[in-house]
Amino acid sequence: MTLTIALSIVLALLFVATGAGKLFGAKTSLEARDHFRMNSALWRTIGALEWAGAAGLVVGLVTWQWVAHAATVGLGLLMVGATITRLRYDSKPTGVVVDLVMLALLITLLFLDR
């Protein structure tokens with residue numbers, strides 16, 4: 001259970017940070033958005049979904065587990081999309097690796113005993 005709590009909190013913090021960059025227009029985030037040729041509405045939507053997923057991970061620790069499971073699946077789907085986008089636009093290999101590590105952590109969290 002301790003691993004589940006720690007992993008949920010770490011992932012939630014990571015997704016809050018990446019979502020904040022998208023929602024508040026951090027310079028590096030805007031550069032990434034332009035590199036991936038996304039419009040600003042889609043970019044902000046992705047940031048909002050990252051925040052919603054992070055909130056779901058935390059809520060799932062406190063109350064309903066199904067919320068955490070749904071958030072984990074949703075964030076996993078976002079990471080699949082991020083990986084495909086990076087591969088499509090010939091992004092740096094480190095970005096693809098980070099996306100795949102995040103996806104692996106989400107899959108691990110999904111199958112940990114809650």
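What are the pairs with Cβ atoms under 7 angstrom where one residue, in region 8-28, is open to solvent by less than 60 Å² (accessible area, probe 1.4 Å) and the other, located anywhere, is basic (Lys, Arg) and in a helix (DSSP H, G or I)? Sequence gap at least six, or different chains.
That search, which allows pairs on different chains as well, returns Lys22/Arg44; Leu23/Arg44.
Here are Ala32, Ala55: which of them is over 14 Å from Leu109 (Cβ atoms) and either at pLDDT 95 or above or open to solvent by 90 Å² or more (accessible area, probe 1.4 Å) (or both)?
Ala55
Please go through (1) open to solvent by 30 Å² or more (accessible area, probe 1.4 Å); (2) more than 12 Å from the chain's Cα centre (by Cα); (3) of a type outside the set (Asp, Glu) for Ala68 and return the number of the only condition it doesn't satisfy.
(1)
For region 90-104, what are the residues that are open to solvent by less than 80 Å² (accessible area, probe 1.4 Å) and under 20 Å from Leu13 (Cβ atoms)? Write out each step before concluding.
Kept after step one, since they are open to solvent by less than 80 Å² (accessible area, probe 1.4 Å), are these residues of region 90-104: 91, 95-96, 99, 101-104.
If the condition is that a residue be open to solvent by less than 80 Å² (accessible area, probe 1.4 Å) and under 20 Å from Leu13 (Cβ atoms), then Gly95, Asp99, Val101, Met102, Leu103, Ala104 are the ones that fit.
What are the pairs with Cβ atoms under 9 angstrom where one residue, in region 53-78, is under 20 Å from Val101 (Cα atoms) and the other, located anywhere, is surrounded by fewer than 22 Cβ atoms within 10 Å (Cβ to Cβ) and of a type in the set (D, E, K, R)? Sequence gap at least six, or different chains.
Ala68/Arg114; His69/Arg114
Pick from region 84-114 the residues that are part of a helix (DSSP H, G or I) and within 14 Å of Arg33 (Cα to Cα): which of them is modelled with the lowest pLDDT? Spell out how you get there, then give the answer.
The first filter runs over region 84-114 and keeps only residues part of a helix (DSSP H, G or I), leaving 84-88, 93-111.
Filter again for within 14 Å of Arg33 (Cα to Cα), leaving 85-86, 88, 95.
Values: Thr85: 93, Arg86: 91, Arg88: 91, Gly95: 88.
The qualifying residue modelled with the lowest pLDDT is Gly95.
The values are calculated or read from the model by the stated rules, or taken from the named source; none is laboratory data. These numbers come from a predicted model, not from an experiment. When we count neighbours, we look across all protein chains shown, and the Cβ atoms used for this are built from the backbone with ideal geometry, even at glycine. The accessibility values were calculated without ligands, DNA or RNA, using every heavy atom of the protein model including side chains. Shrake-Rupley method; radii C 1.70, N 1.55, O 1.52, S 1.80 Å.
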